[in-house]
Amino acid sequence: MIKIVILLIIAYFLGSIPNGVWVGKKFFNVDIRKHGSKNIGATNTYRVLGPVAGTIVMVLDISKGFVATWLPIQFGISSWYPLIFGVAAILGHTYSIFDHFKGGKAVAASAGMLLAYNPTFFLIAAVAFVSCIFITSTVSLGSIGGFLITLLSSYFFHDIALMVLAFCLTCFTIYRHRNNIKKIIQRKENIVDFGLYYWYLKYVKK
């Protein structure tokens, strides 16, 4: 029991590391919480500080969820239980003790959790994420799409534990992206300079 508690605390603190804030301040002398969407995640880092910084933050955020979920497996806590530690990291990322209990939307941390728990599900979600962005040029839709596909995949593969968690995370992600959804409806959501919708606006609809 003590081992589980310690690993949960480690998972939360790992998730709480505000990589976007620290990378921005350390290497660019920029607090991304004051720029763009003011979110500390990889997407806002990409927009404010560029693709290199955005990629670094994305990898670091994925690593948080991965390590938090992977560690319990190394200590003999197997089956679906590692997901609980991944959730602790997700909560840390969203409600960071290092950032006044604020944080990002935990998409990358969730991806890391999924990678450690089941790489096949991670690949399915990653393909869905990239495909949605390629079609819509919108990261928020890609994030929601990735969670929805994970939910459907866990249902078809009869992974009840992941299905329950994926349902909760899908609802949570939609809630965290509620402002993005409003902007999408109003056609005011930021888009990336990539994908079919971006190319349509740039080359077709002039």
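Laboratory data are not the source of any read-out in this text; all were calculated from the coordinates shown. In this text the structure is predicted, and so the values were computed from the model without any measurement. Methodologically, a virtual Cβ is constructed for each residue, glycine included, from the backbone with ideal geometry; neighbour enumeration extends over all protein chains shown.
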All positions within region 121-150 that are among the aromatic types (Phe, Trp, Tyr), within 18 Å of ARG178 (Cα to Cα) and surrounded by fewer than 22 Cβ atoms within 10 Å (Cβ to Cβ): none
LYS105 vs. criteria within 25 Å of ASN180 (Cα to Cα), charged (D, E, K, R) and not in a helix (DSSP H, G or I): yes
Of all residues in region 68-120 being under 15 Å from ASN19 (Cα atoms) and β-branched (Val, Ile, Thr), the one that is surrounded by the fewest Cβ atoms within 10 Å (Cβ to Cβ): ILE97
Considering only region 117-172, state which residues are touching a residue at least 12 places away in the same chain (Cβ under 8 Å) and of a type in the set (Ser, Thr, Tyr). TYR117, SER131, THR136, SER137, THR138, SER140, SER143, THR150, SER153, SER154, THR170
Examine region 177-188 for a residue that is free of Cβ contacts under 8 Å to residues at least 12 places away in the same chain, more than 19 Å from TYR46 (Cα to Cα) and surrounded by 12 or more Cβ atoms within 10 Å (Cβ to Cβ), and state whether such a residue exists. yes
Mind checking whether some residue in region 113-132 is closer than 22 Å to GLY15 by Cβ and of a type in the set (S, T, N, Q)? yes
